[in-house]
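What follows is a set of notes on a single structure, which appears directly below.
The values are calculated or read from the model by the stated rules, or taken from the named source; none is laboratory data. Only a predicted model underlies this, so the values are computations on that prediction, with no experimental measurement involved. Don't worry about glycine lacking a Cβ; one is built from the backbone with ideal geometry, like all the others, and counts go over all protein chains shown.
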Amino acid sequence: MDLVEVAPNANPPVAKLMDFGKYQYERAKREREARKARKEIEVKEIRLRPKTGEHDIAFKIRQARSFLEDGSKVKVRIRFRGREITHPEVAKKQLDRISEELADVSVIEQRPGFEGRTILMILAPDNSRK
């Protein structure tokens with residue numbers, strides 16, 4: 001048995017007689033259980049180009065919908081190659097369409113913005129509508 005100081009900031013300080021090794025083991029066990037219970041949010045990414053076809057965009061939207069319904073965040077990235085960057089309005093239109101079609105299951109966490117030669121938007125699952 002050990003004399004363990006439980007609350008050193010209390011007035012007067014509180015000490016307890018206990019098996020310190022057993023106390024440390026049980027505290028570590030509680031922390032492990034808490035880590036297991038915590039849900040890690042995954043970020044899935046969907047990549048497109050401004051010239052991506054209509055059917056391919058529809059497919060990617062369906063894919064994003066399933067990711068959002070599973071609780072993952074979705075990062076939508078439109079990458080420009082060559083002279084495509086001179087027409088960012090095409091990409092903005094695509095991102096607007098994607099956000100409108102996924103509005104029932106998601107909220108926009110980060111508005112579309114440039115990052116180098118890409119436009120990036122992040123969608124998060126909308127838990128308030130469940």
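Go through segment 1-107 and tell me which strands (runs of 3 or more DSSP E), entirely inside it, have 1 or more residues that are within 19 Å of the chain's Cα centre (by Cα) and surrounded by 10 or more Cβ atoms within 10 Å (Cβ to Cβ).
43-48, 73-79
Out of curiosity, is Ile41 farther than 11 Å from Leu123 by Cβ and either touching a His at 6+ places or on another chain (Cβ under 6 Å) or touching a residue at least 24 places away in the same chain (Cβ under 8 Å) (or both)?
Answer is yes for this residue.
What about Ala91, is it of a type outside the set (Phe, Trp, Tyr), within 19 Å of Pro112 (Cα to Cα), assigned by TED's automatic domain parsing to the domain that holds Leu123 and in contact with a Pro (Cβ under 6 Å, 6 or more places away or on another chain)?
yes
So the check is Cβ under 6 Å with 6+ separation or different chains; which pairs have a first residue in segment 1-19 that's free of Cβ contacts under 8 Å to residues at least 60 places away in the same chain and a second one that's outside any strand (DSSP E or B) and of a type in the set (A, V, I, L, M)?
If the second residue must be outside any strand (DSSP E or B) and of a type in the set (A, V, I, L, M), the pairs left are Leu17/Met1.
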